[in-house]
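The values are calculated or read from the model by the stated rules, or taken from the named source; none is laboratory data. Predicted model only: the values in this text are computed from it and were never measured. No Cβ is skipped: glycine too gets one built from the backbone with ideal geometry, and neighbour counts run over all protein chains shown.
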Amino acid sequence: MAEQLAFYALSALILGFAVLVITSRSALYAILFLVLDFLFVAGLYLTLQAQFVAVIQVLVYAGGIVILYLFVVMLVNLKRPPEAHQDRRRRGRLGAVLAAVVLVEFAAIALYGYVKPTGGAVEGALSFNNVERLGWLLYTDYLVPFELASMLLLVAMVGAIVLARREL
């Protein structure tokens, strides 16, 4: 009964702060509400006995991603009017081709996950703790999505550096 009550209370807080993130007028307040939202999601993971995922939630999302958002808000002047000129260095076709390639990769991953037989025998053989199981699955069954997420984060980091350097 207490677990259900904690689940519903944390879920209501998560939804409430998510609405505040969307509806707040200030980008800084939205980021602060997002931090609180991520912390309550970590609390929800704790109620589900997923301590490792809760710690990763706090470290990666509440720590790293929100700091990245703060840097973007601080570097980009939101009160500046939009640019009136077209950048001649913009590569629209290259961007469209790369977006199509990423879409094809996502479709291939989804098709591979749908067609691939389930590893029922392997799941039964893995009888170790939560962190070891997560690591095992991350580097065997979910290696391609893990690498794609790392490439996506790398591209976001390079894009943030390019945007910051252009302003400096």
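Any idea how many residues of the range 138-160 are among the hydrophobic types (A, V, I, L, M, F, W, C) and closer than 15 Å to ILE109 by Cβ? Talk me through it step by step, then tell me what you get.
First, pick out the residues of the range 138-160 that are among the hydrophobic types (A, V, I, L, M, F, W, C): 138, 143-144, 146, 148-149, 151-158, 160.
Remaining after also requiring closer than 15 Å to ILE109 by Cβ: 138, 143-144, 146, 148-149, 151-152.
Final tally of qualifying residues: 8.
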Look through the range 112-168, keep the residues that are among the basic types (Lys, Arg) and in a helix (DSSP H, G or I), and return whichever of them is modelled with the highest pLDDT. ARG133
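Taking the residues in the range 27-51 that are among the aliphatic types (A, V, I, L, M) and outside any helix (DSSP H, G or I) as candidates, determine which candidate is surrounded by the most Cβ atoms within 10 Å (Cβ to Cβ).
We begin by selecting, within the range 27-51, every residue among the aliphatic types (A, V, I, L, M); these are 27-28, 30-32, 34-36, 39, 41-42, 44, 46, 48, 50.
Subset that is outside any helix (DSSP H, G or I): 48, 50.
Numbers: LEU48: 11, ALA50: 16.
Result: ALA50.
Please go through the range 42-62 and pick out each residue that is in contact with a helix residue (DSSP H, G or I) (Cβ under 6 Å, 6 or more places away or on another chain) and touching a residue at least 12 places away in the same chain (Cβ under 8 Å). Write out each step before concluding.
Within the range 42-62, the first condition is being in contact with a helix residue (DSSP H, G or I) (Cβ under 6 Å, 6 or more places away or on another chain), and the residues that meet it are 42-47, 52-54, 57-58, 61-62.
The answer is ALA42, GLY43, LEU44, TYR45, THR47, PHE52, VAL53, ALA54, GLN57, VAL58, TYR61, ALA62.
Limited to the range 1-26, what total is found for residues that are of a type in the set (Phe, Trp, Tyr) and either surrounded by fewer than 11 Cβ atoms within 10 Å (Cβ to Cβ) or not in a helix (DSSP H, G or I) (or both)? Quick ask: steps written out before the conclusion?
Going through the range 1-26, the residues of a type in the set (Phe, Trp, Tyr) turn out to be 7-8, 17.
Next cut, either surrounded by fewer than 11 Cβ atoms within 10 Å (Cβ to Cβ) or not in a helix (DSSP H, G or I) (or both) only: 8.
Number satisfying all stated conditions: 1.
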Do we have any residue at all in the range 88-96 that's aliphatic (A, V, I, L, M) and part of a helix (DSSP H, G or I)? yes
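Mind checking which residues of the range 73-95 are of a type in the set (A, V, I, L, M, F, W, C) and either touching a Cys at 6+ places or on another chain (Cβ under 8 Å) or at pLDDT below 65 (or both)? Walk me through how you get there before you give the answer.
Taking the range 73-95 first, the residues of a type in the set (A, V, I, L, M, F, W, C) are 73-76, 78, 84, 94.
Within the range 73-95, LEU78, ALA84 meet the criteria.
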Name the pairs: first residue in the range 11-30 and touching a residue at least 24 places away in the same chain (Cβ under 8 Å) and assigned by TED's automatic domain parsing to the domain that holds TYR69, second residue in a helix (DSSP H, G or I) and among the hydroxyl-bearing types (Ser, Thr, Tyr), Cβ to Cβ under 9 Å, at least 6 apart or on different chains? ALA27/TYR69
